[in-house]
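Notes follow the structure.
The values are calculated or read from the model by the stated rules, or taken from the named source; none is laboratory data. Just so we're clear, the structure is a prediction, and the values are computed from it rather than from any experiment. Cβ sites come from the backbone with ideal geometry, for glycine too, and all protein chains shown count toward neighbours.
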Amino acid sequence: MPPAVAFHSPAARSSVQVHEGIHWTGAKHRLNRDMSGRFGSKSYAREELVAELGQLNVCSTLGIAECDFVNGAAYLSHWLEILREDKRGIFRVAADAQRAADFLLAFHPDYAARLTSPLASTEGEAAGVTETALKAAVNRAGFSGGYLV
């Protein structure tokens, strides 16, 4: 992440951190999304759409007003291809975005109790993820005590 002074406001920085946090949830040992796509590919664009929708969800839930689509225009043509090729694709993307948003929000003390723990998921159990290991990873990734820092 760039230093805080690179952003025009703390909310703008938090918005970008949320976007990157959504990507972070896609790792094999977390929510296990396909993260293999190269820049410009359909799978890369799909992951960006997941991140954008997840970012909007988390920002809206937390009341972060400055939640811009970071790369929206750049990926629009790929998103349209995804939607044309798979009529149900938007539902799969939206479901992935919701799972990612819930995963991040589970670390926020005000929202954790409202969500089903991501650790109860099949992916988490299959990967052998423990709550302690997950919290340590979240802290290393720039999250502290459930709050974005």
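The residue that is surrounded by the fewest Cβ atoms within 10 Å (Cβ to Cβ), among those in segment 1-15 that are within 18 Å of the chain's Cα centre (by Cα) and assigned to a helix (DSSP H, G or I), is 11.
Criterion first (closer than 21 Å to residue 112 by Cα, touching a Phe, Trp or Tyr at 6+ places or on another chain (Cβ under 9 Å) and not aromatic (Phe, Trp, Tyr)) does residue 30 satisfy it? Judged against the criteria, residue 30 is a match.
Please work out if residue 18 is more than 14 Å from residue 99 (Cβ to Cβ) and under 14 Å from the mean Cα position of the chain (by Cα). Taking the combined requirement at face value, the residue satisfies it.
Every residue, every condition in (1) of a type outside the set (Gly, Ala, Ser); (2) assigned to a loop (DSSP other than H, G, I, E, B); (3) surrounded by fewer than 20 Cβ atoms within 10 Å (Cβ to Cβ); (4) modelled with pLDDT of 85 or more, yes or no:
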{"position": "22", "(1), (2), (3), (4)": "yes, no, no, yes"}
{"position": "28", "(1), (2), (3), (4)": "yes, yes, yes, yes"}
{"position": "36", "(1), (2), (3), (4)": "no, yes, yes, yes"}
{"position": "45", "(1), (2), (3), (4)": "no, no, no, no"}
{"position": "82", "(1), (2), (3), (4)": "yes, no, yes, no"}
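Being free of Cβ contacts under 8 Å to residues at least 40 places away in the same chain, small (Gly, Ala, Ser) and not in a loop (DSSP other than H, G, I, E, B): is that true of residue 51 here? Spelling it out, it is not the case that residue 51 is free of Cβ contacts under 8 Å to residues at least 40 places away in the same chain, small (Gly, Ala, Ser) and not in a loop (DSSP other than H, G, I, E, B).
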